[in-house]
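The values are calculated or read from the model by the stated rules, or taken from the named source; none is laboratory data. Keep in mind the model is a prediction, meaning the values are calculated, not measured. Reconstructed Cβ throughout: ideal geometry from the backbone, glycine too, with neighbour counts over all protein chains shown. When the accessible area is computed, the model is the full protein with side chains, heavy atoms only, and any ligands, DNA or RNA have been set aside. Shrake-Rupley method; radii C 1.70, N 1.55, O 1.52, S 1.80 Å.
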Amino acid sequence: MKKRKRGLLAVTGVLTLSLLAGCSSGGQANDGSAGDKGQAVQKEVEISYWRPQASGPEDDFYVRRVDEFNKAYQGKIKLKMEPITRGNSFAYEDKINAAVASHTLPDVVSMDGPNVANYAASNIIIPLDEYYTKDDLNDFVPSIIQQGTYKGKFYAAGLAESSVVLFYNKKIMKQYGIEPPTNIKDAWTWDQWYDVMKKTAHNDVFGTNMINDKGEWMTYAFEQMWISAGTDIVNKEGTKAQGWVNSDKGLEAASFLQKLAKEKLFNIDPKPTEFEEGKAATKLGGPWNIPGFKNYPDLEWGITYFPRKADGIVTSPSGSWAIGVSTDSKHPKEAAEVVKWMTNKDSSAQLAKAISMPASRKSAYDSLPEYNELPLRVIKEQVTTVSHARPVTPAYPVLTQKFAEALTDIMMGADVKESLDNVASAYDDEYQRNFSN
(Lines give C-alpha, C1' and ligand atoms only; values in the text may rest on other atoms or scores of the structure.)
Protein backbone atom coordinates (compact mmCIF):
# COMPACT_ATOMS: atom_id res chain seq x y z
CA MET A 1 0.00 0.00 0.00
CA LYS A 2 1.23 3.47 -0.79
CA LYS A 3 2.23 5.61 2.13
CA ARG A 4 -0.39 8.22 2.90
CA LYS A 5 0.67 11.81 2.70
CA ARG A 6 -0.25 13.83 5.75
CA GLY A 7 -1.58 17.32 6.21
CA LEU A 8 -3.19 17.43 2.78
CA LEU A 9 -6.81 17.80 3.76
CA ALA A 10 -7.04 21.49 4.61
CA VAL A 11 -10.03 21.57 2.35
CA THR A 12 -12.24 24.49 1.44
CA GLY A 13 -16.07 24.64 1.52
CA VAL A 14 -17.90 25.17 -1.85
CA LEU A 15 -20.85 27.76 -1.62
CA THR A 16 -23.93 25.98 -0.53
CA LEU A 17 -23.06 22.80 -2.19
CA SER A 18 -23.56 20.00 0.55
CA LEU A 19 -24.34 17.47 -2.19
CA LEU A 20 -23.64 13.79 -2.96
CA ALA A 21 -24.51 11.63 -6.03
CA GLY A 22 -25.99 8.32 -7.53
CA CYS A 23 -26.28 4.74 -9.84
CA SER A 24 -27.23 1.12 -9.01
CA SER A 25 -26.40 -2.53 -9.54
CA GLY A 26 -27.09 -5.72 -7.68
CA GLY A 27 -24.16 -7.26 -5.82
CA GLN A 28 -23.17 -10.34 -3.87
CA ALA A 29 -21.41 -10.41 -0.55
CA ASN A 30 -18.11 -12.27 -0.81
CA ASP A 31 -18.12 -13.72 2.72
CA GLY A 32 -19.62 -17.11 3.55
CA SER A 33 -19.59 -19.81 6.17
CA ALA A 34 -20.52 -23.51 6.26
CA GLY A 35 -24.07 -24.33 7.30
CA ASP A 36 -25.35 -27.40 9.18
CA LYS A 37 -25.59 -29.42 5.97
CA GLY A 38 -22.19 -28.36 4.63
CA GLN A 39 -23.65 -25.75 2.29
CA ALA A 40 -22.23 -22.21 2.14
CA VAL A 41 -24.39 -19.74 4.02
CA GLN A 42 -24.06 -16.16 2.87
CA LYS A 43 -23.04 -13.71 5.57
CA GLU A 44 -24.45 -10.20 5.51
CA VAL A 45 -21.67 -7.65 5.08
CA GLU A 46 -21.92 -4.43 7.06
CA ILE A 47 -20.80 -1.27 5.26
CA SER A 48 -20.20 2.04 7.05
CA TYR A 49 -20.81 5.39 5.35
CA TRP A 50 -19.94 8.90 6.52
CA ARG A 51 -21.42 12.07 5.11
CA PRO A 52 -21.77 15.66 6.32
CA GLN A 53 -24.96 16.45 8.18
CA ALA A 54 -27.54 18.21 6.02
CA SER A 55 -31.05 19.33 6.88
CA GLY A 56 -34.66 19.01 5.85
CA PRO A 57 -35.38 17.41 2.46
CA GLU A 58 -31.71 16.55 1.86
CA ASP A 59 -31.41 14.55 5.08
CA ASP A 60 -34.76 12.93 4.34
CA PHE A 61 -33.42 11.83 0.96
CA TYR A 62 -30.38 10.10 2.45
CA VAL A 63 -32.38 8.34 5.16
CA ARG A 64 -34.90 7.11 2.60
CA ARG A 65 -32.29 5.89 0.09
CA VAL A 66 -30.29 4.06 2.76
CA ASP A 67 -33.47 2.35 3.93
CA GLU A 68 -34.32 1.37 0.36
CA PHE A 69 -30.79 0.06 -0.15
CA ASN A 70 -31.01 -2.14 2.93
CA LYS A 71 -34.32 -3.57 1.75
CA ALA A 72 -32.95 -4.24 -1.75
CA TYR A 73 -29.78 -5.90 -0.41
CA GLN A 74 -31.29 -7.62 2.62
CA GLY A 75 -29.18 -10.61 3.68
CA LYS A 76 -26.28 -9.43 1.50
CA ILE A 77 -25.24 -5.92 2.56
CA LYS A 78 -26.27 -3.84 5.56
CA LEU A 79 -25.54 -0.12 5.16
CA LYS A 80 -25.00 1.99 8.26
CA MET A 81 -24.88 5.72 7.57
CA GLU A 82 -23.41 8.22 10.01
CA PRO A 83 -24.12 11.93 9.40
CA ILE A 84 -21.27 14.05 10.79
CA THR A 85 -22.35 17.34 12.34
CA ARG A 86 -20.57 20.30 10.80
CA GLY A 87 -20.06 22.35 13.94
CA ASN A 88 -17.66 24.54 11.98
CA SER A 89 -16.73 24.60 8.32
CA PHE A 90 -14.00 21.98 8.73
CA ALA A 91 -15.49 19.69 11.40
CA TYR A 92 -16.20 16.95 8.87
CA GLU A 93 -12.73 17.17 7.35
CA ASP A 94 -11.17 17.14 10.82
CA LYS A 95 -12.90 13.82 11.50
CA ILE A 96 -11.66 12.46 8.18
CA ASN A 97 -8.10 13.54 9.05
CA ALA A 98 -8.26 11.78 12.41
CA ALA A 99 -9.57 8.61 10.77
CA VAL A 100 -6.82 8.73 8.14
CA ALA A 101 -4.17 8.90 10.86
CA SER A 102 -5.66 5.97 12.79
CA HIS A 103 -6.72 3.89 9.73
CA THR A 104 -10.34 3.92 10.91
CA LEU A 105 -12.05 5.39 7.86
CA PRO A 106 -15.53 4.12 7.02
CA ASP A 107 -16.03 1.93 3.95
CA VAL A 108 -17.72 4.76 2.03
CA VAL A 109 -16.62 8.35 2.45
CA SER A 110 -18.00 11.68 1.22
CA MET A 111 -15.74 14.43 -0.08
CA ASP A 112 -16.14 17.84 -1.67
CA GLY A 113 -15.70 17.57 -5.42
CA PRO A 114 -12.54 19.62 -5.93
CA ASN A 115 -10.82 17.57 -3.20
CA VAL A 116 -11.18 14.21 -4.98
CA ALA A 117 -7.66 14.47 -6.39
CA ASN A 118 -6.30 15.25 -2.93
CA TYR A 119 -8.00 12.18 -1.46
CA ALA A 120 -6.78 10.01 -4.35
CA ALA A 121 -3.19 11.24 -4.20
CA SER A 122 -3.19 10.78 -0.42
CA ASN A 123 -4.31 7.14 -0.84
CA ILE A 124 -7.54 7.72 1.07
CA ILE A 125 -9.84 6.36 -1.67
CA ILE A 126 -9.53 3.62 -4.30
CA PRO A 127 -10.30 3.69 -8.06
CA LEU A 128 -13.82 2.59 -9.00
CA ASP A 129 -13.36 1.82 -12.70
CA GLU A 130 -13.80 -1.95 -12.33
CA TYR A 131 -17.19 -1.46 -10.70
CA TYR A 132 -18.75 0.67 -13.45
CA THR A 133 -19.58 -0.24 -17.02
CA LYS A 134 -18.67 2.16 -19.81
CA ASP A 135 -22.35 2.90 -20.46
CA ASP A 136 -22.90 3.61 -16.79
CA LEU A 137 -20.04 6.11 -16.67
CA ASN A 138 -21.25 7.72 -19.88
CA ASP A 139 -24.59 8.44 -18.19
CA PHE A 140 -22.91 10.91 -15.83
CA VAL A 141 -22.70 14.46 -17.13
CA PRO A 142 -19.13 15.11 -18.38
CA SER A 143 -18.12 17.43 -15.54
CA ILE A 144 -18.84 14.72 -12.95
CA ILE A 145 -16.41 12.37 -14.72
CA GLN A 146 -13.85 15.17 -14.96
CA GLN A 147 -14.24 15.99 -11.26
CA GLY A 148 -13.95 12.35 -10.19
CA THR A 149 -11.01 11.33 -12.36
CA TYR A 150 -7.38 11.57 -11.24
CA LYS A 151 -4.45 10.38 -13.35
CA GLY A 152 -6.76 8.48 -15.66
CA LYS A 153 -8.70 6.61 -12.97
CA PHE A 154 -12.22 7.28 -11.70
CA TYR A 155 -12.27 7.64 -7.91
CA ALA A 156 -15.51 9.30 -6.85
CA ALA A 157 -19.02 9.90 -8.16
CA GLY A 158 -21.15 12.97 -7.53
CA LEU A 159 -24.90 12.65 -7.18
CA ALA A 160 -26.03 16.18 -7.82
CA GLU A 161 -24.39 18.81 -9.98
CA SER A 162 -24.25 22.58 -9.76
CA SER A 163 -24.01 25.45 -12.17
CA VAL A 164 -23.72 29.21 -12.31
CA VAL A 165 -26.04 31.13 -14.61
CA LEU A 166 -26.79 34.78 -15.20
CA PHE A 167 -30.09 35.66 -13.55
CA TYR A 168 -31.75 38.83 -14.78
CA ASN A 169 -34.50 41.14 -13.59
CA LYS A 170 -37.21 41.04 -16.26
CA LYS A 171 -38.64 44.45 -15.36
CA ILE A 172 -35.25 46.13 -15.68
CA MET A 173 -34.49 44.34 -18.94
CA LYS A 174 -37.84 45.47 -20.36
CA GLN A 175 -37.23 49.03 -19.16
CA TYR A 176 -34.05 49.23 -21.25
CA GLY A 177 -35.25 47.16 -24.20
CA ILE A 178 -32.80 44.32 -23.54
CA GLU A 179 -33.55 40.78 -24.72
CA PRO A 180 -31.35 38.20 -22.94
CA PRO A 181 -30.31 35.17 -25.04
CA THR A 182 -32.46 32.04 -24.91
CA ASN A 183 -30.15 29.94 -27.09
CA ILE A 184 -26.75 28.80 -25.87
CA LYS A 185 -25.02 29.71 -29.12
CA ASP A 186 -26.12 33.31 -28.55
CA ALA A 187 -24.76 33.56 -24.99
CA TRP A 188 -23.70 37.11 -24.19
CA THR A 189 -20.05 37.93 -24.71
CA TRP A 190 -18.16 39.77 -21.98
CA ASP A 191 -18.53 42.99 -23.99
CA GLN A 192 -22.28 42.48 -24.45
CA TRP A 193 -22.70 41.79 -20.76
CA TYR A 194 -20.62 44.90 -20.02
CA ASP A 195 -22.95 46.96 -22.22
CA VAL A 196 -25.97 45.59 -20.34
CA MET A 197 -24.35 46.56 -17.04
CA LYS A 198 -23.53 50.05 -18.28
CA LYS A 199 -27.11 50.59 -19.44
CA THR A 200 -28.72 49.35 -16.25
CA ALA A 201 -26.36 50.66 -13.54
CA HIS A 202 -28.35 53.73 -12.51
CA ASN A 203 -30.32 55.05 -9.55
CA ASP A 204 -28.67 52.89 -6.89
CA VAL A 205 -28.97 49.79 -9.09
CA PHE A 206 -25.80 47.85 -9.93
CA GLY A 207 -25.30 46.29 -13.34
CA THR A 208 -24.69 42.92 -11.75
CA ASN A 209 -24.31 41.05 -8.49
CA MET A 210 -21.35 38.66 -8.74
CA ILE A 211 -19.76 38.22 -5.32
CA ASN A 212 -21.14 35.28 -3.34
CA ASP A 213 -18.14 35.24 -1.02
CA LYS A 214 -14.44 36.03 -1.32
CA GLY A 215 -13.32 32.46 -0.75
CA GLU A 216 -14.12 29.34 -2.76
CA TRP A 217 -16.70 31.20 -4.84
CA MET A 218 -13.94 33.18 -6.53
CA THR A 219 -12.39 30.03 -7.99
CA TYR A 220 -15.67 28.21 -8.57
CA ALA A 221 -17.23 31.04 -10.55
CA PHE A 222 -14.41 32.98 -12.19
CA GLU A 223 -12.05 30.21 -13.31
CA GLN A 224 -14.54 29.79 -16.15
CA MET A 225 -13.48 33.15 -17.57
CA TRP A 226 -9.97 31.79 -17.99
CA ILE A 227 -11.41 28.70 -19.69
CA SER A 228 -13.60 30.75 -22.03
CA ALA A 229 -10.56 32.83 -22.93
CA GLY A 230 -8.76 29.66 -24.07
CA THR A 231 -6.59 28.90 -21.06
CA ASP A 232 -7.06 27.81 -17.42
CA ILE A 233 -5.56 28.63 -14.04
CA VAL A 234 -3.38 25.49 -14.15
CA ASN A 235 -2.38 23.11 -16.94
CA LYS A 236 -4.48 20.05 -17.79
CA GLU A 237 -2.31 17.78 -15.65
CA GLY A 238 -2.67 20.12 -12.68
CA THR A 239 1.08 20.27 -12.22
CA LYS A 240 1.80 23.88 -13.17
CA ALA A 241 0.21 27.33 -12.87
CA GLN A 242 3.05 29.41 -14.30
CA GLY A 243 2.10 30.41 -17.84
CA TRP A 244 -1.54 29.54 -17.22
CA VAL A 245 -3.16 31.60 -14.49
CA ASN A 246 -0.84 34.47 -15.45
CA SER A 247 -0.85 33.92 -19.22
CA ASP A 248 -1.82 36.77 -21.55
CA LYS A 249 -5.31 35.29 -21.79
CA GLY A 250 -5.48 35.02 -18.02
CA LEU A 251 -4.40 38.64 -17.66
CA GLU A 252 -7.19 39.61 -20.06
CA ALA A 253 -9.82 37.79 -17.98
CA ALA A 254 -8.61 39.35 -14.73
CA SER A 255 -8.38 42.80 -16.31
CA PHE A 256 -12.00 42.55 -17.44
CA LEU A 257 -13.11 41.81 -13.89
CA GLN A 258 -11.00 44.69 -12.61
CA LYS A 259 -12.63 47.03 -15.14
CA LEU A 260 -16.09 46.11 -13.85
CA ALA A 261 -14.94 46.83 -10.33
CA LYS A 262 -13.29 50.16 -11.20
CA GLU A 263 -16.46 51.33 -12.93
CA LYS A 264 -18.51 50.20 -9.93
CA LEU A 265 -20.75 48.02 -12.05
CA PHE A 266 -21.01 45.58 -9.18
CA ASN A 267 -20.83 45.86 -5.43
CA ILE A 268 -17.72 44.14 -4.07
CA ASP A 269 -19.43 43.82 -0.66
CA PRO A 270 -23.05 43.20 -1.63
CA LYS A 271 -26.01 42.59 0.60
CA PRO A 272 -26.99 38.90 0.14
CA THR A 273 -30.43 39.86 -1.24
CA GLU A 274 -29.27 42.69 -3.49
CA PHE A 275 -30.66 41.11 -6.67
CA GLU A 276 -33.85 39.93 -5.02
CA GLU A 277 -34.56 43.47 -3.82
CA GLY A 278 -34.16 44.92 -7.32
CA LYS A 279 -30.79 46.54 -6.60
CA ALA A 280 -28.93 44.63 -9.31
CA ALA A 281 -30.04 44.11 -12.90
CA THR A 282 -28.29 40.76 -13.27
CA LYS A 283 -26.74 38.21 -10.94
CA LEU A 284 -24.16 35.44 -11.26
CA GLY A 285 -25.68 32.74 -9.10
CA GLY A 286 -26.83 29.18 -9.00
CA PRO A 287 -29.89 26.97 -8.61
CA TRP A 288 -29.57 27.27 -4.83
CA ASN A 289 -30.74 30.88 -5.17
CA ILE A 290 -34.04 29.99 -6.82
CA PRO A 291 -36.01 28.71 -3.78
CA GLY A 292 -35.42 32.05 -2.03
CA PHE A 293 -36.85 34.06 -4.92
CA LYS A 294 -40.37 33.13 -3.82
CA ASN A 295 -39.88 35.34 -0.77
CA TYR A 296 -39.77 38.38 -3.09
CA PRO A 297 -43.12 38.44 -4.91
CA ASP A 298 -42.25 41.64 -6.77
CA LEU A 299 -39.19 40.01 -8.36
CA GLU A 300 -39.71 38.86 -11.93
CA TRP A 301 -36.63 36.87 -12.88
CA GLY A 302 -35.22 34.95 -15.80
CA ILE A 303 -32.09 32.96 -16.57
CA THR A 304 -29.57 33.27 -19.35
CA TYR A 305 -26.16 31.71 -19.93
CA PHE A 306 -22.82 32.29 -18.24
CA PRO A 307 -21.11 35.05 -20.30
CA ARG A 308 -18.28 34.07 -22.65
CA LYS A 309 -15.31 35.76 -24.26
CA ALA A 310 -16.15 37.08 -27.74
CA ASP A 311 -13.95 34.55 -29.55
CA GLY A 312 -14.06 31.97 -26.76
CA ILE A 313 -16.14 29.00 -25.79
CA VAL A 314 -19.36 28.93 -23.78
CA THR A 315 -18.64 27.34 -20.42
CA SER A 316 -19.99 27.31 -16.89
CA PRO A 317 -18.92 26.28 -13.39
CA SER A 318 -19.78 22.91 -11.90
CA GLY A 319 -19.05 20.71 -8.91
CA SER A 320 -20.70 18.67 -6.21
CA TRP A 321 -20.02 16.56 -3.18
CA ALA A 322 -18.98 13.06 -4.16
CA ILE A 323 -18.60 9.62 -2.60
CA GLY A 324 -15.99 6.93 -2.95
CA VAL A 325 -14.62 3.79 -1.31
CA SER A 326 -11.90 4.21 1.30
CA THR A 327 -8.64 2.28 1.30
CA ASP A 328 -9.50 1.07 4.81
CA SER A 329 -12.53 -0.85 3.55
CA LYS A 330 -12.26 -4.64 3.93
CA HIS A 331 -15.22 -5.05 1.58
CA PRO A 332 -14.55 -2.79 -1.43
CA LYS A 333 -16.91 -4.69 -3.74
CA GLU A 334 -19.86 -4.22 -1.39
CA ALA A 335 -18.82 -0.64 -0.63
CA ALA A 336 -18.81 0.06 -4.37
CA GLU A 337 -22.39 -1.20 -4.55
CA VAL A 338 -23.29 1.51 -2.04
CA VAL A 339 -21.56 4.18 -4.12
CA LYS A 340 -23.38 2.97 -7.22
CA TRP A 341 -26.74 2.92 -5.46
CA MET A 342 -26.27 6.40 -4.03
CA THR A 343 -25.22 7.62 -7.47
CA ASN A 344 -27.78 5.94 -9.70
CA LYS A 345 -30.51 7.43 -11.86
CA ASP A 346 -33.18 7.26 -9.15
CA SER A 347 -30.94 8.77 -6.48
CA SER A 348 -29.82 11.52 -8.82
CA ALA A 349 -33.39 12.47 -9.75
CA GLN A 350 -34.66 12.29 -6.17
CA LEU A 351 -31.87 14.47 -4.75
CA ALA A 352 -32.23 16.99 -7.58
CA LYS A 353 -35.88 17.42 -6.60
CA ALA A 354 -35.09 17.56 -2.89
CA ILE A 355 -32.45 20.28 -3.04
CA SER A 356 -33.33 22.17 -6.25
CA MET A 357 -30.00 21.35 -7.91
CA PRO A 358 -29.40 19.85 -11.35
CA ALA A 359 -28.96 16.09 -11.64
CA SER A 360 -25.58 14.49 -12.25
CA ARG A 361 -27.09 11.74 -14.41
CA LYS A 362 -28.26 12.44 -17.96
CA SER A 363 -30.98 9.82 -17.65
CA ALA A 364 -32.31 11.45 -14.47
CA TYR A 365 -33.66 14.34 -16.54
CA ASP A 366 -36.26 11.94 -17.98
CA SER A 367 -38.14 12.40 -14.70
CA LEU A 368 -37.34 16.11 -14.36
CA PRO A 369 -39.50 17.67 -17.12
CA GLU A 370 -39.17 21.14 -15.58
CA TYR A 371 -35.65 21.25 -17.04
CA ASN A 372 -36.99 21.03 -20.60
CA GLU A 373 -38.43 24.56 -20.58
CA LEU A 374 -37.12 28.00 -19.68
CA PRO A 375 -35.84 29.09 -17.29
CA LEU A 376 -34.39 25.77 -16.01
CA ARG A 377 -33.53 24.61 -19.53
CA VAL A 378 -30.52 26.95 -19.39
CA ILE A 379 -29.17 25.10 -16.36
CA LYS A 380 -29.66 21.70 -17.97
CA GLU A 381 -27.96 22.81 -21.19
CA GLN A 382 -24.95 24.10 -19.31
CA VAL A 383 -24.66 21.03 -17.06
CA THR A 384 -25.01 18.48 -19.84
CA THR A 385 -22.96 20.19 -22.55
CA VAL A 386 -20.49 22.90 -21.50
CA SER A 387 -19.72 22.70 -17.76
CA HIS A 388 -16.14 22.41 -16.52
CA ALA A 389 -15.07 21.12 -13.12
CA ARG A 390 -12.51 22.98 -11.09
CA PRO A 391 -8.86 21.93 -11.55
CA VAL A 392 -8.22 18.29 -10.68
CA THR A 393 -5.10 18.58 -8.54
CA PRO A 394 -4.13 17.38 -5.07
CA ALA A 395 -2.82 20.90 -4.40
CA TYR A 396 -6.26 22.43 -4.95
CA PRO A 397 -6.61 23.78 -1.38
CA VAL A 398 -3.58 26.04 -1.92
CA LEU A 399 -4.62 26.95 -5.45
CA THR A 400 -8.11 28.11 -4.52
CA GLN A 401 -6.91 30.08 -1.51
CA LYS A 402 -4.22 31.95 -3.45
CA PHE A 403 -6.43 32.53 -6.50
CA ALA A 404 -9.29 33.88 -4.39
CA GLU A 405 -6.97 36.24 -2.54
CA ALA A 406 -5.42 37.50 -5.77
CA LEU A 407 -8.74 38.03 -7.53
CA THR A 408 -10.12 39.94 -4.56
CA ASP A 409 -7.01 42.13 -4.56
CA ILE A 410 -7.34 42.70 -8.31
CA MET A 411 -10.94 43.78 -7.95
CA MET A 412 -9.81 46.26 -5.33
CA GLY A 413 -7.19 47.73 -7.67
CA ALA A 414 -4.03 45.65 -7.23
CA ASP A 415 -1.65 45.12 -10.14
CA VAL A 416 -3.08 42.32 -12.27
CA LYS A 417 0.15 40.71 -13.45
CA GLU A 418 1.91 40.87 -10.10
CA SER A 419 -1.11 39.35 -8.34
CA LEU A 420 -1.39 36.45 -10.79
CA ASP A 421 2.38 35.89 -10.82
CA ASN A 422 2.16 35.40 -7.06
CA VAL A 423 -0.54 32.75 -7.51
CA ALA A 424 1.60 30.90 -10.03
CA SER A 425 4.68 30.96 -7.79
CA ALA A 426 2.83 29.85 -4.67
CA TYR A 427 1.04 27.02 -6.44
CA ASP A 428 4.08 25.71 -8.30
CA ASP A 429 6.12 25.74 -5.10
CA GLU A 430 3.40 23.79 -3.28
CA TYR A 431 3.04 21.22 -6.04
CA GLN A 432 6.78 20.66 -6.40
CA ARG A 433 7.25 20.36 -2.66
CA ASN A 434 4.46 17.86 -1.97
CA PHE A 435 3.26 16.20 -5.16
CA SER A 436 5.98 16.14 -7.82
CA ASN A 437 7.18 12.59 -7.02
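Taking 20 Å as the straight-line reach from the Cα of Lys78, the lysines in range (excluding those fewer than 8 positions away in the same chain) are Lys43, Lys330, Lys333, Lys340.
If R0 is taken as 45 Å, the Cβ-Cβ distance between Glu82 and Asn434 corresponds to a FRET efficiency of 0.90. With a cut-off of 9 Å between beta carbons, the residues surrounding Glu223 carry a summed charge of 0, where Lys and Arg count +1 and Asp and Glu -1.
Annotation: amide H-H contacts under 5 Å for Leu166 (H modelled 1.01 Å from N, sequence separation of 5 or more, or interchain): Thr304, Tyr305, Phe306. Counting only residues at least eight positions apart within a chain, or on another chain, the aspartates and glutamates with an alpha carbon under 17 Å from that of Lys279 are Asp204, Glu263, Asp269, Asp298, Glu300. In segment 212-282, taking the dipole from charged Cβ atoms about the Cα centre, the farthest positive-side position among Ser255, Gly278, Ile233 is held by Ser255. Just to confirm a number: summing +1 for Lys and Arg and -1 for Asp and Glu over residues other than Gly238 whose beta-carbon lies under 13 angstrom from that of Gly238, what do you get? Its environment carries a net charge of -1. What is the angle, in °, between the Cα long axis of helix 91-102 and the longest principal axis of the Cα atoms in the chain? Nearest 10 is fine, range 0 to 90. So the inclination is approximately 40 degrees.
Secondary structure note: in segment 44-189, about 15% of the DSSP beta bridges are antiparallel. About the centre of its Cα atoms, segment 327-431 shows a dipole size close to 700 debye [charges on the beta carbon of Lys, Arg (+1) and Asp, Glu (-1) only; nearest 20 debye]. Whole-Hz Karplus values for segment 57-65 come out as x, 5, 4, 4, 4, 5, 4, 5, 5 Hz, taken residue by residue from phi with 6.51 cos²θ - 1.76 cosθ + 1.60 and θ = phi - 60°; glycine and proline positions read x.
Is segment 310-437 best put as rounded, prolate or oblate by its Cα gyration tensor, with a ≥ b ≥ c the root eigenvalues, rounded for a/c under 1.5, and otherwise prolate when a/b is larger than b/c, oblate when not? Oblate. Per-residue 3J(HN,Hα) values for segment 111-121, derived from phi via the Karplus relation 6.51 cos²θ - 1.76 cosθ + 1.60 with θ = phi - 60°, read 8, 6, x, x, 9, 4, 4, 4, 5, 5, 5 Hz in sequence order (x marks Gly and Pro). Ordering Tyr119, Val314, Gln147 by the projection of their Cα atoms onto the charge dipole of the chain, which places +1 on the Cβ of Lys and Arg and -1 on the Cβ of Asp and Glu, puts Tyr119 at the extreme positive end. Okay, helix-only estimate at 222 nm for the chain: each DSSP H run of n ≥ 4 adds -39500 (n - 2.57), divide by all residues, round to 500 deg cm²/dmol; what do you get? Computed ellipticity for the chain at 222 nm equals -11000 deg cm²/dmol. Taking every DSSP bridge with both residues inside the chain, close to 60 percent are antiparallel. Here the 3J(HN,Hα) profile of segment 302-316, calculated from phi with Karplus coefficients 6.51, -1.76 and 1.60 at θ = phi - 60°, is x, 10, 10, 7, 4, x, 10, 5, 3, 9, x, 8, 7, 8, 7 Hz, Gly and Pro shown as x.
With every protein chain kept in the model, how would you rank Arg390, Arg86 by accessible area, 1.4 Å probe, largest at the top?
Solvent-accessible surface, decreasing: Arg86, Arg390.
Net charge in the neighbourhood of Leu128 (other residues with Cβ under 10 Å of its Cβ; Lys, Arg +1, Asp, Glu -1) is 0.
Pairs exceeding 30 Å between alpha-carbon atoms, taken from Lys171/Lys259; Lys240/Lys362; Lys170/Lys259; Lys95/Lys153; Lys236/Lys380; Lys185/Lys417: Lys240/Lys362; Lys185/Lys417.
Mean projected area of the convex hull spanned by the Cα atoms of the chain, taken over all viewing directions: 21.6 nm². For the chain, a simple Cβ point-charge model (Lys and Arg +1, Asp and Glu -1, everything else neutral) yields a dipole of about 500 debye relative to the Cα centre.
Look at the dipole of segment 349-437 built from charges on Cβ: of Leu376, Ser436, Ser363, the Cα furthest out on the positive end belongs to Ser363. Computed over protein heavy atoms with a 1.4 Å probe, the carbon and sulfur contribution to the accessible area of the chain reaches 48%. Here segment 58-184 is treated with +1 on each Lys and Arg Cβ and -1 on each Asp and Glu Cβ, and its dipole about the Cα centre works out to around 220 debye. Can you classify segment 254-299 as rounded, prolate or oblate using the Cα gyration tensor, where a ≥ b ≥ c are the square roots of its eigenvalues, rounded means a/c under 1.5, and otherwise it's prolate if a/b beats b/c and oblate if not? Verdict is prolate for segment 254-299. Rolling a 1.4 Å probe across all protein chains gives Ser356 an accessible area of roughly 50 Å². How high is the relative contact order of the chain, given as a whole-number percent (alpha carbon pairs under 8 Å, six or more residues apart)? Computed value for the chain: 29 percent relative contact order. Against the longest alpha carbon principal axis of the chain, how many degrees, from 0 to 90 and to the nearest 10, is the axis of helix 396-411 turned? Computed tilt is about 10 degrees. Between helix 190-200 and the chain there is an angle of about 60 degrees, using the helix long axis and the longest principal axis of the Cα atoms. In the context of the full set of protein chains, residues of segment 304-437 present 34 Å² of accessible surface per residue (probe radius 1.4 Å, heavy atoms only).
Close amide-amide hydrogen proximity is noted between Thr189 and Arg308, each under 5 Å apart and 5 or more residues distant or on a separate chain (H modeled in the peptide plane; Pro and chain starts excluded). For segment 91-172, what does the alpha-carbon gyration tensor say about shape, rounded, prolate or oblate, given a ≥ b ≥ c as the root eigenvalues, a/c under 1.5 as rounded, and a/b over b/c as prolate? Oblate.
Amide H contacts of Ile77: Val45, each under 5 Å away and 5 or more positions distant or on a separate chain (H built 1.01 Å from N in the peptide plane; Pro and chain starts excluded).
Taking a quarter of the surface of the Cα convex hull of segment 111-270, what do you get in nm²?
Answer in nm², one decimal: 11.8.
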